[in-house]
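Notes follow the structure.
The values are calculated or read from the model by the stated rules, or taken from the named source; none is laboratory data. Please read these numbers as outputs of a predicted model, since none were measured by experiment. Cβ placement follows ideal geometry from the backbone for every residue including glycine, while neighbour counts extend to all protein chains displayed. Please note that ligands, DNA and RNA were not included when accessible areas were found on the heavy atoms of the full protein model with its side chains. Shrake-Rupley method; radii C 1.70, N 1.55, O 1.52, S 1.80 Å.
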Amino acid sequence: MSTRILVIEDNAANLELARYLLEAGGYTVLTAEDGEEGLRSARRDRPDLVVSDLQMPVMDGFEFLAQFRADEELCSIPVIAVTAFSMPGDATKVMQAGFDGYLSKPIVPETFIEQVAAYLPPSLRTAPR
Ligand code: MN
């Protein structure tokens, strides 16, 4: 079964770009448009890794992470934030919140898969192409 990555992003263009790139890299991609939908997807489908936007309607990335980490079935799954870092101190805030790492927007197609895969255990990474 192929490795599953859940992408949570309210911007449709960003979501489709992430999906396209990760699928091209050989991953199965699950998507959600806000944190609440992301939690439902994670509980149902148990992704191997989560890539989450921070600013989203309904439930933002920080609240999503807090609830995700409070769920003993999900808490050990790595979660990466993807953010535009528009405010000073954003990177510190992200790491203090307990994200496993972060990537800066805009997504760079040439390096995105590699950057995301770095957070997967080696056995779950697809072969480089
Ligand atoms: Mn957003």
Q: List the number of the failed condition for Gln55; all other conditions in (1) touching a helix residue (DSSP H, G or I) at 6+ places or on another chain (Cβ under 9 Å); (2) more than 21 Å from Ala97 (Cβ to Cβ); (3) surrounded by fewer than 17 Cβ atoms within 10 Å (Cβ to Cβ) hold.
A: (2)
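Return the total of residues in the range 8-23 being open to solvent by less than 40 Å² (accessible area, probe 1.4 Å) and either over 14 Å from Phe68 (Cα atoms) or charged (D, E, K, R) (or both). Before you say what the answer is, go through the steps one by one.
Pass one, the range 8-23, residues open to solvent by less than 40 Å² (accessible area, probe 1.4 Å): 8-9, 15, 18, 21-22.
From the residues that got through so far, the ones that are either over 14 Å from Phe68 (Cα atoms) or charged (D, E, K, R) (or both) too are 9, 15, 18, 21-22.
The total comes to 5.
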Q.
Considering only residues that are within 16 Å of the ligand (Cβ to nearest atom), in a strand (DSSP E or B) and either of a type in the set (A, V, I, L, M) or without any contact (Cβ under 8 Å) to a residue 40 or more places away in the chain (or both), which ones fall in the range 27-65?
A. Thr31, Ala32, Val50, Val51
Q. Can you name every residue in the range 66-91 that is in a loop (DSSP other than H, G, I, E, B) and under 15 Å from the mean Cα position of the chain (by Cα)?
A. Leu74, Cys75, Ser76, Ile77, Pro78, Ala84
Q: Quick one: Met95 ticks every box in (1) open to solvent by 70 Å² or more (accessible area, probe 1.4 Å); (2) under 12 Å from the mean Cα position of the chain (by Cα); (3) among the hydrophobic types (A, V, I, L, M, F, W, C) except a single one, so which number is it?
A: (2)
Q.
Within the range 85-93, does at least one residue satisfy the condition of being at negative phi, touching a strand residue (DSSP E or B) at 6+ places or on another chain (Cβ under 6 Å) and β-branched (Val, Ile, Thr)?
A. no
